[in-house]
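What follows is a single structure, written as structure tokens, with notes after it.
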Amino acid sequence: MTTAPDELLDLAVSTAREAGALLQRFADGRDLDVATKSSATDPVSEADHASERLITERLLGARPADGLLAEEDTGNRSSTSGLTWVVDPLDGTVNYLYGIPQWCVSIAVEDEDGPVAGVVFDPAKDELFSAARGGGAHLNGDPIRTSGVAALADTLVATGFAYEPPIRTDQAEVAAAMVRDLRDLRRAGAAALDLAWVAAGRLDAYYEGNLKPWDWSAGRLLVEEAGGRTTPCEVELAGRWRPALAASGAPVHDALVAWVREHGARLS
């Protein structure tokens, strides 16, 4: 028995809002137990874990047959329903720990064809970006659209950098070319929010390598449902091919993809 995308979206919205409120309480207290993951500059806090536990309990409590793929691996499991939730309980942890209000909760649910419903919730600004397959994209209930920029030279692009210095070094070379060839570059520190802002037309495009599924699942759906396009690809960073994503408004997308290919990316 299938579940309508709107029903899945309702669950994602309520769960993201509850997790966001929890994270905001942690942030207000500023008393966080912080450890590291892939490198000394890759932090994970007590808040990350608490948010993921809450999200896991809400999603799997409501839908016990679904799978879960979440960043901190609190309760990851395979699906027996054909649906898997893809979760970043706190995207932008470094911003969060520094008190920079650019972080979010990202929740998506996927079937064999990709994202069905997705939410990116920014508690600091009380902005909830949402999309369901075939239903358009919204910000706090109002429809949003990607930008109509058509020329690469006019394109404001967002990117990000990895925690490991060898990967960052290679990414910096691509970023330097972006500054030269595109309108300008933004690096805010939360991939899911970057994609949500592309969906809302606040940014024209986004390109980043070394991503994980939870970085882009909800944001990719937002961009596509807002009239934009996304192209998964791979880029060689520090001697390894790593997943990457190019996303933009439709008019400039072909030019963006041609540019990233010229600068080392290959289509997945």
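Separation of segment 86-126 and segment 194-268, taken as the distance between their Cα centroids, equals 17 angstrom. 3J(HN,Hα) along segment 108-116, derived from phi through the Karplus expression 6.51 cos²θ - 1.76 cosθ + 1.60 where θ = phi - 60°, amounts to 9, 10, 10, 10, 5, 9, x, x, 9 Hz, with x in place of Gly and Pro. Ligands, DNA and RNA left out, the accessible area of the chain computed with a 1.4 Å probe is 49% carbon and sulfur.
On the beta carbon distance between Ala4 and Ala258, with R0 = 41 Å, the FRET formula returns roughly 0.60. A convex hull fitted to the Cα coordinates of the chain yields 115 cubic angstrom per residue. Where the alpha-carbon atoms of segment 40-124 are placed on the principal axes, they occupy 40, 22, 20 Å, in descending order. Rolling a 1.4 Å probe over the protein heavy atoms leaves Trp197 with an accessible area of roughly 60 Å².
Between Asn76 and Ala150, take the C-beta separation as r, use R0 = 35 Å, and let me know the FRET efficiency to the nearest 0.05.
The value I calculate is 0.25.
For the set His49, His253, solvent exposure ranked by accessible area (probe 1.4 Å, protein chains only) runs largest to smallest as His49, His253. Secondary structure note: in segment 134-268, about 80% of the DSSP beta bridges are antiparallel.
If only the Cβ of Lys and Arg carry +1 and only the Cβ of Asp and Glu carry -1, the dipole of the chain around its Cα centre is close to 400 debye. Can you send over the solvent-accessible area of Glu225, 1.4 Å probe, protein chains only, in Å² to the nearest 10? About 40 Å², rounded to the nearest 10.
The values are calculated or read from the model by the stated rules, or taken from the named source; none is laboratory data. These figures come from a predicted structure and were not determined experimentally. Neighbour counts are summed over all protein chains in view; Cβ atoms, including those assigned to glycine, are modelled from backbone coordinates with ideal geometry. Remember, those area values only see protein heavy atoms, side chains included, never the ligands or the DNA or RNA. Shrake-Rupley method; radii C 1.70, N 1.55, O 1.52, S 1.80 Å.
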